[in-house]
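Every number in this text was worked out from the coordinates using simple rules, so none of it is lab data. Computed from a predicted model, the values in this text were never measured in an experiment. Here the Cβ is made from the backbone with ideal geometry for all residues, glycine too, and neighbour counts use every protein chain on show.
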């Protein structure tokens, strides 16, 4: 009985989330556009996350390189470290790590912000005052998250590769030119494009889940914390599900 | 408002930075795959594409110059590979360049290798088909290895049989016999002794020769005495003279013989009488008998004389004289 209820709750929540997404698409492409608020959100969501993303991806690139080194040396292919690290970073680690960090930082903040606005009935007040709160609050945030995450992913890739370059040079000597040509000789469009496209979906997922959780938070201040928490958890899970779907689709259409 | 503007500047920088990375990434990859820049087309026909796919690298003497653009099946046995080559290579690749399919490393991607042959041939133009070289595939290599392996195993088994035969053979028993080395050692020591003796003999011979040279000993004298040589020469001359004398003597004798013959032929003369007159022989016989008888009488008379006192003294004197002389 308990289980049946939880399944029902899960399915109900999935349905609500789908309806929320559909509402976003209905509202997003219809004027008037909240341009100033959107740019403000881009700044908050994108630019303010750059420091955190830079730090994590830099460490990721450096550590990945150093961790790979012993086994690559054991196989006698130490010269292929830049190639393998660049492919790993561009295809998977850059987008996923950045998206998870992004979900932790932005998903929770959106969830908490909108949740507190919801429980303090600011959203209801906006609705009464004639402003469309969904358009002003949710659409700008979701759009900003969708468009900013790919930018963060690209910058994060570049920083991770720089970290990898330093990591290669901790134990061996590889000139920057050699590293550069090894990285780009081994990358192809099929490495970059699926990863770039899926980062849009990651950003959309983080923004949508954060806004949905904030919008649907209840039970006062306790509900705000819960909606912030569940926004991060659900967004992270959705990121991995999208990752799985992307690789399947890329495989199916032959660009993997 | 000021913070709003500065925030916007930061946001713009951030977004442009991201776009720059994207464009750089795409451009670098595109340049590596020769999507940008002008290219021209070269073709090559193979019997086996060996897993070559669209987008594989084309190398000219090991330098990346282009990519495989298209692979089409010409006939059922021929595959045409169309390659996009960097236009800069127009001044380098010539019509007689040889195209082959290779592998990047031992297990890497397939690559098309263009190898220059000469500097004389005219340059390859857009759309030209270059000659190809049949590639050594791993399968063919393994096939050859398999053949050689089988040959080696046959040779090995035959070698084994040969060795077994040798082991059973007389030569092997001879080689295996431990007394043989001792025998050989003895033989060698014998040979050594014999050769020692031979050397002693040779020394003796040497001395002999030296002696002969120095004129010692009979042979030495023979060889070295110039006086003797002169003597011998004189002796030779004399022998010749004697020979000549003998010659004339023989001539004279011939004459005599001729005379005798003539005498005999004419039935007169002493010789004829001696040779043919039987009466003379009898006369001579009787004469000789008479002489014998006379001689016997004479010797009796002489014996009588010795014993006669008149002459005894003379005879005794004669005997004493004889003894003295002795």
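In the stretch A:196-256, the convex hull through the Cα atoms has an average projected area of 4.1 nm², a quarter of its surface area. Plainly put, chain B has a radius of gyration that is 1.76 times its Kirkwood radius, both from alpha-carbon atoms, as the Rg/Rh ratio. By other beta-carbon atoms within 10 Å, ranking A:118, B:110, B:185, B:326 with the fewest at the front produces B:326, B:185, B:110, A:118.
The mean count of C-beta atoms from other chains within 10 Å of the C-beta of residues in B:8-16, rounded to a whole number, is 6. Counting Cα-Cα pairs of the stretch B:107-157 in 5 Å increments starting at 0 gives whole-percent bin shares of 4, 12, 14, 16, 11, 11, 10, 8, 6, 4, 2, 1.
Here the Gaussian network model covers chain B, with springs between Cα atoms less than 10 Å apart; of B:145, B:305, B:249, B:305 fluctuates the most. Helix B:179-214 and the longest principal axis of the C-alpha atoms of chain B enclose an angle of approximately 50°. Restricting the calculation to Cα atoms, the stretch B:104-194 yields a radius of gyration followed by a Dmax of 31.0, 91 Å. The C-alpha atoms of the stretch A:27-66 occupy a region whose extents along the principal axes are 51, 17, 8 Å, arranged from largest to smallest. For B:141, B:228, A:154, A:17, the sequence from fewest to most other C-beta atoms within 10 Å is B:141, B:228, A:17, A:154.
Springs join every pair of Cα atoms under 10 Å in this Gaussian network model of chain B, and among B:21, B:92, B:209 the largest mean-square fluctuation is at B:21. The DSSP beta bridges internal to the protein assembly as shown are antiparallel in roughly 75% of cases. Note on the stretch A:51-168: Rg/Rh from Cα positions, Kirkwood definition for Rh, rounded to two decimals, is 1.23.
Comparing B:285, B:56, B:255 in a Gaussian network model of chain B (Cα springs below 10 Å), the most mobile by mean-square fluctuation is B:285. Applying the Kirkwood pairwise sum to the alpha-carbon positions of the stretch B:39-135 produces a hydrodynamic radius of 13.2 angstrom. The alpha carbons of the stretch B:1-91 give a radius of gyration and a Dmax of 21.3, 74 Å, in that order. For the stretch A:80-138, the fraction of alpha-carbon pairs lying more than 14 Å apart is 68 percent, rounded to a whole number. Taking other C-beta atoms within 10 angstrom as a stand-in for reagent exposure, B:315, B:60 fall in the order B:315, B:60, fewest first. Any idea what angle helix A:108-119 forms with the longest principal axis of chain A, computed on alpha-carbon atoms, 0 to 90 degrees, nearest 10? The helix A:108-119 is inclined about 0 degrees to chain A. When only alpha carbons are used to place a centre, the stretch A:1-23 and the stretch B:170-235 end up 127 Å from one another. All Cα-Cα distances of the protein assembly as shown, cut into 10 Å bins from zero to the largest, leave 3, 9, 12, 11, 9, 7, 6, 4, 4, 4, 3, 3, 3, 3, 4, 4, 3, 3, 2, 2, 1, 0, 0 percent in each bin in turn. Considering the stretch A:114-192, its Cα convex hull presents a mean projected area of 8.4 nm².
Applying the Kirkwood pairwise sum to the alpha-carbon positions of the stretch A:34-252 produces a hydrodynamic radius of 18.4 angstrom. The mean number of Cβ atoms from other chains found within 10 Å of a Cβ in peptide A:38-47 is 4, as a whole number. The equivalent ellipsoid that matches the C-alpha gyration tensor of the stretch B:180-243 spans semi-axes of 49, 13, 5 angstrom, in descending order. One quarter of the surface of the convex hull around the alpha-carbon atoms of the stretch B:136-176 equals 3.4 nm², the direction-averaged projected area. The P(r) of the stretch A:1-107 has a tail past 23 Å containing 58 percent of all C-alpha pairs.
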